[in-house]
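Here is the structure we will look at.
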Amino acid sequence: MTKIKSLLLMASCLLMLAGCELERHKMLTVEQLPEAAQTYIKENMGDAKVLYVKKERKNLRTWYEVRFDNQLELEFNDKGEVYDIDVDD
């Protein structure tokens, strides 16, 4: 009986870890970004269209990756402040 309980406990832990991994990368809409990030995009990105918004979480750190149709990618911290800008060649 204790083997069954141990197996159930291990299975529960594995399912919890799998759920955490799924939450690590999450697709969002622009409206789900922090307010400061939304304002930055509205004021600085002109007619560029957002292709996707992705929320990333790792080691208790959260950031947002926003890709535009003009090959530009912005990364925002959890407060909505820009901390990285990439351009594809």
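If a residue must be at pLDDT 95 or above and either among the aromatic types (Phe, Trp, Tyr) or not in a strand (DSSP E or B) (or both), how many such residues does the stretch 49-69 contain?
6
Take the stretch 48-89 and flag every residue that is open to solvent by less than 70 Å² (accessible area, probe 1.4 Å) and among the polar types (S, T, N, Q).
62, 77
Note down all Cβ pairs under 9 Å where the first residue falls in the stretch 43-57 and is closer than 10 Å to residue 69 by Cα, the second is part of a loop (DSSP other than H, G, I, E, B) and open to solvent by less than 90 Å² (accessible area, probe 1.4 Å), and they're at least six residues apart or on different chains.
Final answer for the pair search is 47/70; 48/69; 48/70; 49/69; 49/70; 50/29; 50/69; 51/69.
Looking at (1) farther than 16 Å from residue 85 by Cβ; (2) open to solvent by 100 Å² or more (accessible area, probe 1.4 Å); (3) modelled with pLDDT of 95 or more, which one does residue 43 not meet, given that it meets all the others?
Result: residue 43 passes all but (1).
Report yes if some residue within the stretch 5-13 is in a strand (DSSP E or B) and either at pLDDT 95 or above or not aromatic (Phe, Trp, Tyr) (or both); otherwise report no.
Taking every residue of the stretch 5-13 in turn, none turns out to be in a strand (DSSP E or B) and either at pLDDT 95 or above or not aromatic (Phe, Trp, Tyr) (or both).
The values are calculated or read from the model by the stated rules, or taken from the named source; none is laboratory data. Note that the structure is a prediction, hence the values are computed from the model and not measured. Positions of Cβ are generated from backbone atoms using ideal geometry, with glycine treated the same way; all protein chains shown enter the neighbour counts. Please note that ligands, DNA and RNA were not included when accessible areas were found on the heavy atoms of the full protein model with its side chains. Shrake-Rupley method; radii C 1.70, N 1.55, O 1.52, S 1.80 Å.
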